[in-house]
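Here is the structure we will look at, set down as structure tokens.
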Amino acid sequence: MNNRVKLPIGIFDSGLGGLTVYKQVRKILPNENIVYFGDTARVPYGSKSKNTIIDFSTQITKFLNEIPVKAIVVACNTASSYALEILKSIVTIPIIGVVEPGVNAANKQNKKNKVGVIGTTGTIKSNSYKNTFKKINPNVTVFSNDCPLFVPLVEEGWMNHSVTYQIAEEYLKGLIETDIDSLILGCTHYPLLEDVIRKILPDSIQIINSSTEVAREIKRVLENNNLLNISNNENVTTKFFVTDYPQKFISISKNILGHSLENVELITTEYLDKFSEK
Ligand code: DGL
């Protein structure tokens, strides 16, 4: 057996939104050990520059690689959009982003060649979804909109608030007019707003939540690299690292995961700085 099989999978995000991806990975790969990294001191990534996101993502990738982990999932759409290719050149282990799995999932549903994408300002500005569609199905026209208020609303726990509903109506109305047949939730936090978004969208528009597709993709990648842990591991471990307020992470994550986390450790951004490329 490949002696790296038992190593954990690393999953990182700017904060706790990536737990939506973690949840699916845990479900589809119950035998895998997992290390989750949430950069809670420096969230949000969505409003920061490309260079800053590349720097933060590089630090975290090197930190995870040093643990070591056997593969890394970049659960954050903004980091996947700005930094994925660079991260792949930094380490030799497989690195999986969330943009391509989301595009593949939408492409399977696609009938009218018109797909909507919502995400952070960084993700939308990067054109990552448009560029990935150009590779996978150039016939698709992508209509996109950034929704910068969604992340703070989720962080505030206002998933079903009337204010959230009004803001979502405002963000989505232009997209609805374009006659799209599916809408990709291109941000870790947006699956947590799916109920609100569903109420606003006409039934003809499918919502694409890429986290299941991401989890399937990581399974495929592990299989292809002989890294899948198939032993019925009774001592599966999950470890969480955050860069600020572990207690806050523990209490908010309970709403997302439905249970309390125990294994949460603080890593300072000063410590991460030593992994910078500069
Ligand atoms: N994780 C980010 C993303 O998916 C959303 C939160 C943030 O802006 O950091 O783009």
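None of the figures in this text is laboratory data; all of them are computed from the coordinates on show. Keep in mind it's a predicted model, so treat the numbers as computed, not measured. Positions of Cβ are generated from backbone atoms using ideal geometry, with glycine treated the same way; all protein chains shown enter the neighbour counts.
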- prompt: Going by the conditions given, is Ala79 assigned to a helix (DSSP H, G or I) and within 11 Å of the ligand (Cβ to nearest atom)?
  reply: yes
Filtering the range 29-57 down to residues that are outside any loop (DSSP other than H, G, I, E, B), within 16 Å of the ligand (Cβ to nearest atom) and either in contact with a helix residue (DSSP H, G or I) (Cβ under 7 Å, 6 or more places away or on another chain) or within 25 Å of Leu228 (Cβ to Cβ) (or both) yields Tyr36, Phe37, Gly38, Lys50, Ile53, Ile54, Ser57
Taking first residues from the range 163-183 that are in contact (Cβ under 8 Å) with a residue 12 or more places away in the chain and second residues anywhere that are of a type outside the set (A, V, I, L, M, F, W, C) and part of a helix (DSSP H, G or I), the pairs with Cβ under 6 Å that are 6 or more apart or on different chains are Ser182/Gln109
Residue set Ser126, Ser144, Ser89; condition farther than 19 Å from Leu172 by Cα and within 16 Å of the ligand (Cβ to nearest atom); output residue Ser126
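Counting residues that are under 20 Å from the mean Cα position of the chain (by Cα), which helices (runs of 4 or more DSSP H) fully inside the range 123-209 reach at least 3?
Fully inside the range 123-209 and qualifying: 128-136, 150-155, 194-200.
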Of the residues in the range 248-278, those that are among the small types (Gly, Ala, Ser), surrounded by 11 or more Cβ atoms within 10 Å (Cβ to Cβ) and either under 12 Å from Phe63 (Cα atoms) or touching a Lys or Arg at 6+ places or on another chain (Cβ under 8 Å) (or both) come to Ser276
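Quick one: would you say Gly10 is crowded, with 24+ Cβ neighbours inside 10 Å, part of a loop (DSSP other than H, G, I, E, B) and within 17 Å of the chain's Cα centre (by Cα)?
no
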Verdict on Lys27 being surrounded by fewer than 21 Cβ atoms within 10 Å (Cβ to Cβ) and within 21 Å of Ala215 (Cβ to Cβ) | yes
